[in-house]
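Here is the structure we will look at, set down as structure tokens.
Derivation of every value follows stated rules applied to the coordinates shown; laboratory data play no part. Computed from a predicted model, the values in this text were never measured in an experiment. We place every Cβ from the backbone using ideal geometry, glycine too, and count neighbours over all the protein chains shown.
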């Protein structure tokens, strides 16, 4: 197994099983971290309009020299741009910022932003209608959602012609979101794990240290391996070349069932995902 091994989405699109996250990276830092990731062998890059770094990500992609057909690029629709016409405009802007004529995956970033909270179901339906057009036209090779809980997915599926292929969620040992994962599995939706290290929260779990020593790995590598063995697609993020490379070195060991269960037991150790129905953005 390696960074170029893939999962296959239900529509046949292949997606590298580990991606490089760019949340909280901006400016030159975003550019250099993406370039370092591509040089380290990552071929799956995850960004979003809301991250404010699409231009830097796009420039790093261009400067890397990696052929476009070898890359899997994801971006996301930000909260203020829901609705049919607004989604089309926002998608065009993202393609322009990235310097690309298509993305491999386009996601609704948030199910019910505060701007549309009074009519999120109808607004999501119109947003999804536009995204289905991107998919039909081939400017998005796959479409999906992020931070959607079962009730949000149920509402979307009432009118969707194309089922989401991916649901990207905050998943790590402190919050496994089992109800959403079960829903995704039942509907053949791939679960992506953003912040798979809990934005550093896993380093607050001292019980990970002896497990890491046992395998000759770091706690971060152990947790990313845990994510893969659950069938998730982790999106680790770092701006340090050393850690970017370390986070890719997770394919030469397997965690035992006992160690998997121990890590499963860390629920709530450093926090849970934000409730999308009460978030103030």
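This table checks each residue for (1) assigned to a helix (DSSP H, G or I); (2) buried (at least 20 other Cβ atoms within 10 Å of the Cβ).
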| residue | (1), (2) |
| --- | --- |
| 153 | yes, yes |
| 192 | no, yes |
| 245 | yes, no |
| 250 | no, yes |
Sole miss for residue 159 among (1) crowded, with 16+ Cβ neighbours inside 10 Å; (2) part of a loop (DSSP other than H, G, I, E, B) is condition (1)
Residues of segment 15-40 being over 15 Å from the mean Cα position of the chain (by Cα), under 26 Å from residue 139 (Cβ atoms) and either free of Cβ contacts under 8 Å to residues at least 24 places away in the same chain or assigned to a loop (DSSP other than H, G, I, E, B) (or both), which ones?
26
Within segment 134-151, considering residues that are without any contact (Cβ under 8 Å) to a residue 60 or more places away in the chain and in contact with a strand residue (DSSP E or B) (Cβ under 9 Å, 6 or more places away or on another chain), the one surrounded by the fewest Cβ atoms within 10 Å (Cβ to Cβ):
139
Taking residue 8 and the conditions (1) surrounded by fewer than 16 Cβ atoms within 10 Å (Cβ to Cβ); (2) touching a strand residue (DSSP E or B) at 6+ places or on another chain (Cβ under 7 Å); (3) more than 30 Å from residue 254 (Cα to Cα), which numbered condition does it fall short on, given that it satisfies the others?
(3)
Per the filter on segment 89-120, residues surrounded by fewer than 17 Cβ atoms within 10 Å (Cβ to Cβ) and either under 19 Å from the mean Cα position of the chain (by Cα) or not in a loop (DSSP other than H, G, I, E, B) (or both) are 89, 92, 93, 96, 102, 114, 115, 117, 118, 119
